[in-house]
Amino acid sequence: MEKARTVLITGASRGIGAAIAGRLARAGYDILLNYHSSHEAAALVQKEIESCGRNCTLLPFDVGDEAQVEKTLSTIIEHNVPYALVHNAGVTRDTLAAMMSRSDWDTVINVHLTAFFLLTRLMVKVMLPKREGRIIAVASVSGETGQAGQMNYSAAKAGLIGACKALARETAKRNILVNVVSPGLIETEMIAGLPIEKLLPAIPLGRIGRSEEVAGIVNFLLSDEATYITGQVIGVNGGLYM
Ligand code: NAP
């Protein structure tokens, strides 16, 4: 029997990441499941994955911390080179630019953008000799349009888009495809507290999206049907930005 492909997903204890992990497990992938500190939630996702007959290794670490990233991943990925990385971990520290603290800025840039650099630097080294691989960054409509109150988050997500396009050009010859999935408003804890009713008129499809709708696109981009797609930003936003 052929060995299952392994995917490393960051921020997969909850929300969109947990849905991606579940979707990919059902498609036959083993999962390296990163999260920060929600141990109980991560254990539930692990249980779901194992109930599909797939392996799931829990890897709690801070994706923005260089030492933790290197210590946790370097040995694991050398022994079992993942087929794909999905960098989905995210936080917000929303406030107007004039009120934004240095730590609001640094935290958001670290978790989204610097983490992507730290993770891909390791992953690409082991993927290149294999001449195959997929890398996906989960960005946001805020990184495409800019969003008031989110200068840090919009900058981090726009940065991810640029980083993915550069990396896609660098790695294409070795058959490593790099794309961005860019959600609009998706029903998770991240948007709890937003005035949803006020936001709905701006969404042509007239509703908030579901995590599974993002997970389906990630699954497609990792599949053998997506062999000619690289350097693209795929919006999953109900038409909020076109
Ligand atoms: P969520 O429900 O708040 O989940 C965030 C996930 O990221 C959790 O698993 C969390 O782990 C993890 N995480 C946070 N900081 C981390 C760190 N330093 N190291 C490792 N993991 C960390 O968020 P979500 O809505 O699913 O968002 C997932 C991604 O989609 C994010 O990149 C977000 O920016 C993007 N996005 C979301 C929306 C939306 O409307 N929801 C829209 C556009 C883009 P713990 O559980 O351990 O804290």
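The values are calculated or read from the model by the stated rules, or taken from the named source; none is laboratory data. The structure displayed is predicted, hence computed values, not measured ones. Every residue, glycine as well, gets a Cβ built from its backbone with ideal geometry; the counts of neighbours run over all protein chains shown. Heads up: the accessible areas ignore ligands, DNA and RNA and are worked out on the full protein's heavy atoms, side chains in. Shrake-Rupley method; radii C 1.70, N 1.55, O 1.52, S 1.80 Å.
Within the range 51-70, which residues are of a type in the set (Phe, Trp, Tyr) and either touching an Asp or Glu at 6+ places or on another chain (Cβ under 9 Å) or away from the ligand (no atom under 12 Å from the Cβ) (or both)?
none
Check the range 142-155 and report whether any residue there is open to solvent by less than 70 Å² (accessible area, probe 1.4 Å) and among the β-branched types (Val, Ile, Thr). Even if it seems obvious, please write down each step before you answer.
If we filter the range 142-155 for residues that are open to solvent by less than 70 Å² (accessible area, probe 1.4 Å), which is where we start, we get 142-144, 146, 149-150, 152-155.
Next, only the ones that are among the β-branched types (Val, Ile, Thr) stay: none.
For the range 142-155, residues open to solvent by less than 70 Å² (accessible area, probe 1.4 Å) and among the β-branched types (Val, Ile, Thr): absent.
When Leu8, Leu73, Leu33 are checked against the criterion of being away from the ligand (no atom under 11 Å from the Cβ), closer than 26 Å to Gly184 by Cα, open to solvent by less than 60 Å² (accessible area, probe 1.4 Å) and of a type outside the set (Val, Ile, Thr), a single residue qualifies: Leu8. One residue stands out in the range 76-105 among those that are more than 12 Å from the ligand (Cβ to nearest atom) and under 20 Å from the mean Cα position of the chain (by Cα): the one that is nearest to Arg14 (Cα to Cα), namely Leu85.
Criterion first (under 20 Å from Thr227 (Cα atoms) and modelled with pLDDT of 95 or more) does Leu85 satisfy it? Yes: the conditions hold for Leu85. Looking at Arg93, Arg54, just one residue is touching a residue at least 40 places away in the same chain (Cβ under 8 Å) and within 30 Å of Val141 (Cβ to Cβ), and that residue is Arg93. Screening the candidates Ala172, Ala168, Ala202 for the property of being modelled with pLDDT of 95 or more, surrounded by fewer than 16 Cβ atoms within 10 Å (Cβ to Cβ) and away from the ligand (no atom under 16 Å from the Cβ) yields one hit, Ala172. Within the range 76-104, the set of residues being open to solvent by less than 40 Å² (accessible area, probe 1.4 Å) and not β-branched (Val, Ile, Thr) comprises Pro82, Tyr83, Ala84, Leu85, His87, Asn88, Ala89, Gly90, Met100, Asp104.
Can Ile191 be described as within 13 Å of the ligand (Cβ to nearest atom) and open to solvent by less than 30 Å² (accessible area, probe 1.4 Å)? It is true that Ile191 is within 13 Å of the ligand (Cβ to nearest atom) and open to solvent by less than 30 Å² (accessible area, probe 1.4 Å). For beta carbons closer than 9 Å, sequence separation of 6+ or different chains, a first residue in the range 200-222 that is farther than 20 Å from Ala168 by Cβ and a second that is open to solvent by 50 Å² or more (accessible area, probe 1.4 Å) and assigned to a helix (DSSP H, G or I), the qualifying pairs are Ile208/Leu199; Glu212/Arg23; Ala215/Arg23; Gly216/Arg23.
The criterion of at least 1 residues that are within 20 Å of Ala192 (Cα to Cα) is met, among strands (runs of 3 or more DSSP E) falling completely within the range 9-101, by 30-35.
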